[in-house]
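The values are calculated or read from the model by the stated rules, or taken from the named source; none is laboratory data. Source: prediction; values computed, not measured. Glycine gets a Cβ as well: all are built from the backbone with ideal geometry, and neighbour counts include every protein chain shown. Surface accessibility is based on the protein's heavy atoms, side chains included, excluding ligands, DNA and RNA. Shrake-Rupley method; radii C 1.70, N 1.55, O 1.52, S 1.80 Å.
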Amino acid sequence: MLTHKGTKTIETDRLILRQFTMEDAPAMFLGWANDDEVTKHLTWPTHSDVEVTKMVLSDWTRHYAKPDFYNWAIVLKENGGEPIGNISVVRINSNTDCATIGYCMSRAHWRKGIMPEALKAVVDFLFAEVGFNRIEAEHAAENPASGRVMEKAGLRYEGTLRQSGRNNQGIIDVVWRAILRSDWEKDITRQESEDSKP
């Protein structure tokens, strides 16, 4: 049984994951939404101007009233509160207690371990507080960097579905990774055991 909590603020060592506000539009547009390199492997088009970003944020902020809506702005604590990316639950299957995650981030912050940290925090929240049994994510086969993000957060390779998706590059092979609650619990037990060693 899922106990939906909505987009609650989550804090990690370096990050604050929080709800978006309309004031985030310029940072989102300039940081990643208008960058063709960021959206290259995504399913939504690059924003042509900040008004498109404002329309998206208006939709998101309206949905925050729903307890099963999960969409976080990723903020670096040292960054003055401006978002550098987003991470969200893009699909929920209540039959199997499964959440599908999507994310993207400003190119200026790639390869710094930020997205794995954010994804791990969201995975922990969705298992511990909401009660999901499975958390999954997909990426284009041509985008292995996204797969490495998932691996670092504990999601394991499950398979590649050939020509089963479409993104801004056209029809693509899609790689699926996932973590089960039982995997997550074992990982926690193992980490606690390692932390207790003298």
State, to one decimal in nm, how far the label point of residue 49 lies from the label point of residue 171, with both points 7 Å from Cα in the Cβ direction. 3.6
Counting only protein heavy atoms and using a 1.4 Å probe, what share of the accessible area of region 1-144 belongs to carbon plus sulfur, as a whole percent? 50
Can you give the relative contact order of region 129-173 as a percent, counting alpha carbon pairs under 8 Å and 6+ residues apart? 30
Accessible area (Å², per residue) of the chain, counting only protein heavy atoms and a probe of 1.4 Å: 54
Applying a 10 Å radius around every beta-carbon, put 118-127, 187-196 in order of their mean neighbour count, most first. 118-127, 187-196
How high is the relative contact order of region 1-51, in percent, with contacts defined as C-alpha pairs under 8 Å that are six or more residues apart? 23
Options (1) -0.37, -1.22; (2) -0.33, -1.40; (3) -0.33, -1.14 for log10 I(q)/I(0) by the Debye sum over Cα atoms at q = 0.09, 0.18 Å⁻¹; the value derived from the coordinates is listed as (2)
Estimated FRET transfer efficiency when R0 is 35 angstrom, pair residue 156-residue 107 (beta carbons, to 0.05): 0.80
To the nearest 0.05, the calculated FRET efficiency linking residue 195 and residue 13 through their beta-carbon distance, R0 being 22 Å, is 0.90
Under unit Cβ charges (Lys, Arg +1; Asp, Glu -1), what dipole magnitude, rounded to 20 debye, does region 49-198 have relative to its Cα centre? 240
Label 7 Å along Cα→Cβ of residue 79; region 16-58 residues with amide nitrogen under 14 Å? 16-21, 24-34
Set Lys and Arg Cβ to +1 and Asp and Glu Cβ to -1, take the dipole of the chain about its Cα centre, and tell me which of 89, 191, 161 lies farthest positive. 161
Over 24 Å (Cα to Cα) - which of 77/197; 5/112; 152/186 fall in this group: 77/197; 5/112
For a label point 7 Å along the Cα-to-beta-carbon line of residue 128, residues of region 70-104 with backbone N under 12 Å: none
Among 35-43, 150-158, how do they line up by average Cβ neighbours within 10 Å per residue, starting with the highest? 150-158, 35-43
Rounded FRET efficiency, nearest 0.05, which uses the C-beta distance separating residue 185 from residue 164 and R0 of 30 Å: 0.50
Per DSSP helix of 4 or more residues, -39500 (n - 2.57); summed, then divided by the residues of the chain. What does that give at 222 nm, rounded to the nearest 500? -8500 deg cm²/dmol
Candidate lysines - alpha carbon under 16 Å from residue 8, same-chain residues fewer than 8 apart omitted: 66, 120
Percent relative contact order of the chain, based on C-alpha pairs within less than 8 angstrom and at least six residues apart? 20
List the chymotrypsin sites (Phe, Trp or Tyr not before Pro) in region 1-100 that DSSP assigns to loop (not H, G, I, E or B) and whose Cβ has at most 12 other Cβ atoms within 10 Å. Which are they? none
Could the peptides 6-15, 173-182 be put in order, highest first, of the mean number of other beta-carbon atoms found within 10 Å of their residues? 173-182, 6-15
Roughly how many Å is it from the Cα centre of region 7-43 to that of region 126-140, as a whole number? 20
Percent antiparallel among DSSP beta bridges with both residues in the chain, to the nearest 5? 90
